[in-house]
Amino acid sequence: MIVALIIACEVGFWVLLALGLAVRYLLKWRRTSVVLLLCEPVLELVLFVVTAIDLKNGAEPSWEHGLAALYIGFTVAYGHYTIRWLDGHAAHRLAGAPPPAKPPRYGRARARHEAKLWLRAVYGGAVALALLQLAVWYVGDSGDVSSLRSFQWVALRTVGIYGLIALSYTIWPRRRPPGSALPARDPEHVPDVLVRRPGKDEEQVR
């Protein structure tokens, strides 16, 4: 049941995201789109509550509960980032906004970009570890928590491997090919149209 719910939450995430962006840029219903996008965290809350109830009802801790904790952790860390990235592309294609900048590919800018993404992985791993530890304490000595402990190590290994990959961009930075153009703007400054008020030019477009 937990695995089916994880799949349902993942599908629901993309459905709500698609609906929110379509309502925002095709129907021009800004407030409705905000409500739809704010429903995204509810999916993780439902998964957390169902997982807790499953353990409370005497279910033996298993890999399904560990997978649920990892899913919640990394969705919390990368969910808003993904929404902002797709919102920038939707604003460009559907509302005439400038195209979002691509991630940097070379030098220190790429290293900083990878480091920021890794910090999100650290955040997601910390959330997953905390949820797994709460489950371990909840089960106590009355059940087998080895599967939960193993997923804690999975979270730590994932963050560690990602950290080594991010560090490699600092130690061995990719060099810009001769004659290639510099980026037009800092890709880290993605317009957050979810929260800011549009300017005069955007009002004319919308």
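The values are calculated or read from the model by the stated rules, or taken from the named source; none is laboratory data. As the structure is a computational prediction, the values presented were derived from the model and not from experiment. Using ideal geometry, Cβ is built from the backbone for each residue, glycine included, and neighbour counts are taken over all protein chains shown. For the accessible areas, the whole protein counts, side chains as well, though only heavy atoms, and no ligand, DNA or RNA atoms are used. Shrake-Rupley method; radii C 1.70, N 1.55, O 1.52, S 1.80 Å.
In region 52-95, of all residues being among the small types (G, A, S) and modelled with pLDDT under 90, the one that is surrounded by the fewest Cβ atoms within 10 Å (Cβ to Cβ) corresponds to G58. When D186, D192, D144 are checked against the criterion of being farther than 24 Å from D87 by Cβ, among the charged types (D, E, K, R), open to solvent by less than 90 Å² (accessible area, probe 1.4 Å) and at pLDDT below 95, D144 stands alone in meeting it.
Suppose the filter is in a helix (DSSP H, G or I) and under 25 Å from M1 (Cβ atoms); does R149 pass it? So R149 passes the test.
Among the residues of region 21-36, those identified as open to solvent by less than 90 Å² (accessible area, probe 1.4 Å) and in contact (Cβ under 8 Å) with a residue 24 or more places away in the chain are L21, R24, Y25, V34.
Going by the structure shown, is R105 closer than 19 Å to A52 by Cβ, basic (K, R) and either touching a Ser or Thr at 6+ places or on another chain (Cβ under 7 Å) or modelled with pLDDT under 95 (or both)? No, not satisfied. Return yes or no: is A101 closer than 29 Å to R174 by Cα, among the hydrophobic types (A, V, I, L, M, F, W, C) and not in a helix (DSSP H, G or I)? Judged against the criteria, A101 is a match. Here L27 meets each of (1) in contact with a helix residue (DSSP H, G or I) (Cβ under 9 Å, 6 or more places away or on another chain); (2) more than 14 Å from A90 (Cβ to Cβ) with one exception, condition (2).
Contact annotation: residue pairs with Cβ atoms under 6 Å, 6 or more positions apart or on different chains, pairing a residue in region 64-88 that is among the hydroxyl-bearing types (S, T, Y) with a partner that is at pLDDT 95 or above, are Y78/R120. Between A22, A8, the distinction of being of a type outside the set (V, I, T), at pLDDT 90 or above and more than 20 Å from G73 (Cβ to Cβ) belongs to A22 only.
Scanning region 104-141 for residues that are of a type in the set (K, R), open to solvent by 60 Å² or more (accessible area, probe 1.4 Å) and either assigned to a helix (DSSP H, G or I) or within 25 Å of A59 (Cβ to Cβ) (or both) returns R108, R112, K116, R120.
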